[in-house]
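The values are calculated or read from the model by the stated rules, or taken from the named source; none is laboratory data. Only a predicted model underlies this, so the values are computations on that prediction, with no experimental measurement involved. Cβ: placed from backbone, ideal geometry, glycine included. Neighbour counts: every protein chain shown. Accessible surface areas use protein heavy atoms only, side chains included; no ligands, DNA or RNA. Shrake-Rupley method; radii C 1.70, N 1.55, O 1.52, S 1.80 Å.
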Amino acid sequence: MAVQAPKKRLDARAIRADFPIFEQLIHGQPLAFLDSAASSQKPRQMLEEMTEFYSTSYANVHRGVYVLAERATAALEGAREKVRALVNAPDVREIIFVRNATEAINLVAYSWGLNNLGPGDLVVVTELEHHSNFVPWQYIAGRTGAKLAMIPLTDEGELDLSGLDAIAAQGQIKVVATNQVSNSLGTINPVEKLVAWAHDQGAIFVCDAAQSAPHMTVDVQALGADFVAISAHKMCGPSGVGALWGRTELLRAMEPFLLGGHMINSVRLEKTTWGELPHKFEAGTAPMAEAVGFGAAIDYLQAIGFDAIEAYEHELAAYALGRLGELDGLTLYGPPADRRAGIVSFNVEGVHPHDVAQILDMQGVAIRAGHHCCQPLMQKLGVAATNRASFYLYTVREEIDQLVEGLHTVRKVFA
Amino acid sequence: MNEFDQMYREVILDHYKNPRGHGEMENADAEAEGQNPLCGDEVSIYVAFADDGETIDEVKFSGRGCAISQAATSMLTEMVRGRKAIDVARLDKDELLEEIGIPLTPVRLKCAMLGLTTLKVALHKAKGTPLPDGLAGFDELELS
């Protein structure tokens, strides 16, 4: 993927000052936080906006007629508009607030899948999926008698599209569900190509953008997808809120997912009718303050600019791959820096990732060790687990240097 | 002594690099396979009983895992050899933790317990005794 030169280069050191988490020492060391792909840290601006909402405008939304309820409703709906603008959705009613991207995908798998899948149908995912975009489809396929097919990976950790015709010959493809950026290898996937293929087959395309939305512009109209799932917590927002975007005509035709308060039009003993979009899919009290925080996070990221963030992450990935390449006995997974986001997965020969991560933690370096919720991918790589270092807009090169230093210690302890 | 020397003390690294009782066993009297769903680590445990059918004569283990899980399982095989199956099935985890002798965070405690939990499941299965509460579901969910 070609990287366009951003208008202005991002100043990570200045950005870092916005994040209170870095104001502490960990085990007596400065914190090298290299686990942003699991969840990002939070800027003061976002935290303050949530506190402000709780302090001045908090009440339950929508039905209240008093001033606080009106303020809260305006704040929630204002946040929805910010999410709409972020993903360039044609209509704000297509933005459904959910807990996270996992819930967004479950919503589609249940509400669309249970009524549209059956024997002879095929759901296509990839070997690169997070469990969140794999397990729901495996389960709903099992419930409906549909089959699950996988797009395999090349040795470089990129999708191998050479066998698409063979997959199509296995049945009627109804759903193609892939991520845009792999949370495990950082691979940037050719989503537009897969959307076109899915539509040629008469299938819907579900895009897990949890790992791409924090780092690059996600434009649902340019992608052409039918559903897109994102999580706030990976993009400087709070945990507990995410969004599903879906096409109006699909969302209207779907059954609701969760049932209860707020999602109804009228409730009678004989029959309940569903509310309009997006309320039909938002049963119960909304994550109001979290949505406000999500909106503030979007403002924060947009002020810096997604082009600048994406370009900076490519820079960090290239630097990390270079520095890690200096170490003996280190296996790196995934594609070259120019075709990946700021995520680097690796293994140290003879040392289990848990031990690597533990020894790094003692030196103030936080990385993730494990299967990264990608057990099918780990099977493909022939390992139980990997180490993963991931970067974001507040990452500085010194943190990567601290990682490399730490890995020297790992080698010494296990020598 | 710094923190990683404490945790990765010589005896742990020695058991990790030279695991005792490492290998598989044909026709084991008791066996089970356990997984740590947090990290995907796997261990298989095999037990041979002595002629009395009660005493643990030999224990072997195979699988993959971190230094803590592999060393703890290696130490476990040394601890339980010659003891009665029924006693080992009820072994207090603190006995093993004392042997390991390093401070463990909750996540690493799971690593350290993988071998013992799997051994207990193997023994209960072989003896037909019900799995205790903490292990109920373990058999079904994580063991094949």
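Looking at region B:14-39, which of its residues are away from every other protein chain (no Cβ under 14 Å), among the aliphatic types (A, V, I, L, M) and within 22 Å of A:Gly382 (Cα to Cα)? So that I can check it myself, show each step before the final result.
Narrowing region B:14-39 to residues away from every other protein chain (no Cβ under 14 Å): B:20-32.
Now drop any that are not among the aliphatic types (A, V, I, L, M), which leaves B:25, B:28, B:30, B:32.
Correct list: empty.
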Among (1) open to solvent by 40 Å² or more (accessible area, probe 1.4 Å); (2) not in a helix (DSSP H, G or I), A:His199 falls short only on (2)
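Give region A:94-116 a look and list any residue that's of a type in the set (Val, Ile, Thr) and either open to solvent by 10 Å² or more (accessible area, probe 1.4 Å) or over 28 Å from A:Gly78 (Cα atoms) (or both), or say none. Give the steps one after another, and end with the answer.
Of region A:94-116, the ones of a type in the set (Val, Ile, Thr) are A:95-96, A:98, A:102, A:105, A:108.
If the condition is that a residue be of a type in the set (Val, Ile, Thr) and either open to solvent by 10 Å² or more (accessible area, probe 1.4 Å) or over 28 Å from A:Gly78 (Cα atoms) (or both), then A:Thr102 is the only one that fits.
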Filter result (in contact (Cβ under 8 Å) with a residue 12 or more places away in the chain, open to solvent by 40 Å² or more (accessible area, probe 1.4 Å) and under 23 Å from the mean Cα position of the chain (by Cα)) within region A:139-155: A:Tyr139, A:Leu148, A:Met150, A:Pro152
Quick check: anything in region A:244-258 modelled with pLDDT of 95 or more, farther than 23 Å from A:Val181 by Cβ, within 23 Å of the chain's Cα centre (by Cα) and of a type in the set (Ser, Thr, Tyr)? yes
Looking at region A:173-192, is at least one residue among the basic types (Lys, Arg), at pLDDT 95 or above and more than 17 Å from A:Gly120 (Cβ to Cβ)? no
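Give the residues of region A:337-361 that are open to solvent by 50 Å² or more (accessible area, probe 1.4 Å) and out of contact with any strand residue (DSSP E or B) (no Cβ under 8 Å at 6 or more places or on another chain), sorted by residue number. Spell out the reasoning first.
Residues of region A:337-361 open to solvent by 50 Å² or more (accessible area, probe 1.4 Å): A:338-339, A:349-350, A:361.
The answer is A:Asp338, A:Gly350.
What about B:Glu42, is it within 11 Å of chain A (Cβ to nearest Cβ) and under 12 Å from the mean Cα position of the chain (by Cα)?
On the way: within 11 Å of chain A (Cβ to nearest Cβ): yes; under 12 Å from the mean Cα position of the chain (by Cα): yes.
For B:Glu42, the condition - within 11 Å of chain A (Cβ to nearest Cβ) and under 12 Å from the mean Cα position of the chain (by Cα) - is met.
Residues checked against (1) among the hydroxyl-bearing types (Ser, Thr, Tyr); (2) within 17 Å of A:Val413 (Cα to Cα); (3) open to solvent by 50 Å² or more (accessible area, probe 1.4 Å):
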| residue | (1), (2), (3) |
| --- | --- |
| B:Met7 | no, yes, no |
| B:Gly23 | no, no, no |
| B:Phe49 | no, no, no |
| B:Asp52 | no, no, yes |
| B:Ile56 | no, no, no |
| B:Val59 | no, no, no |
| B:Ile68 | no, yes, no |
Expected single match for touching a strand residue (DSSP E or B) at 6+ places or on another chain (Cβ under 9 Å) and among the small types (Gly, Ala, Ser) among A:Ala415, A:Ala385, A:Ala318 is A:Ala385
If you go through A:Val404, A:Val410, the only one that is at the interface with another protein chain (Cβ under 10 Å from one of its Cβ atoms), touching a residue at least 40 places away in the same chain (Cβ under 8 Å) and more than 21 Å from A:Glu23 (Cα to Cα) is A:Val410
Counting just the residues of region A:117-128 that are touching a Leu at 6+ places or on another chain (Cβ under 8 Å) and assigned to a loop (DSSP other than H, G, I, E, B), which one comes out least open to solvent (accessible area, probe 1.4 Å)? A:Leu128
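Quick one: count up the residues across region A:4-15 that are surrounded by fewer than 18 Cβ atoms within 10 Å (Cβ to Cβ) and at pLDDT 95 or above. If you could, list the steps in order and put the result at the bottom.
Keep residues of region A:4-15 that are surrounded by fewer than 18 Cβ atoms within 10 Å (Cβ to Cβ), which gives A:4-9, A:11, A:13-14.
Narrowing the set further to residues that are at pLDDT 95 or above leaves A:11, A:13-14.
So the count comes out to 3.
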Taking interchain pairs and intrachain pairs at least six residues apart, which have beta carbon atoms under 6 angstrom, with the first residue in region A:65-89 and among the basic types (Lys, Arg) and the second at pLDDT 95 or above and not in a helix (DSSP H, G or I)? A:Arg71/A:Ser57; A:Arg80/A:Ile95; A:Arg84/A:Ile95
Subset of region A:160-195 [in contact with a Ser or Thr (Cβ under 6 Å, 6 or more places away or on another chain) and open to solvent by 20 Å² or more (accessible area, probe 1.4 Å)]: A:Asp160
From A:Gly78, A:Gly64, residue being assigned by TED's automatic domain parsing to the domain that holds A:Val218 and in a loop (DSSP other than H, G, I, E, B): A:Gly64
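Name the single residue, out of those in region A:218-249 being part of a loop (DSSP other than H, G, I, E, B) and small (Gly, Ala, Ser), that is most open to solvent (accessible area, probe 1.4 Å). Break it down stepwise before answering.
Initially, region A:218-249 is screened for residues part of a loop (DSSP other than H, G, I, E, B), giving A:218-219, A:224-226, A:232, A:236-241, A:247.
Then keep just the ones that are small (Gly, Ala, Ser); that gives A:224-225, A:232, A:237, A:239-240.
Values: A:Gly224: 16, A:Ala225: 0, A:Ala232: 0, A:Gly237: 0, A:Ser239: 82, A:Gly240: 36 Å².
The extreme case among them is A:Ser239.
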Starting from region A:201-217, keep only residues that are acidic (Asp, Glu), then list their pairs with residues that are outside any loop (DSSP other than H, G, I, E, B) and surrounded by fewer than 24 Cβ atoms within 10 Å (Cβ to Cβ) whose Cβ atoms are within a distance under 8 Å, requiring at least 6 positions of separation or different chains. A:Asp208/A:Ser132
Tell me which of these A:Ala384 doesn't satisfy, since it passes every other one: (1) among the small types (Gly, Ala, Ser); (2) open to solvent by less than 10 Å² (accessible area, probe 1.4 Å); (3) within 9 Å of another protein chain (Cβ to nearest Cβ). (2)
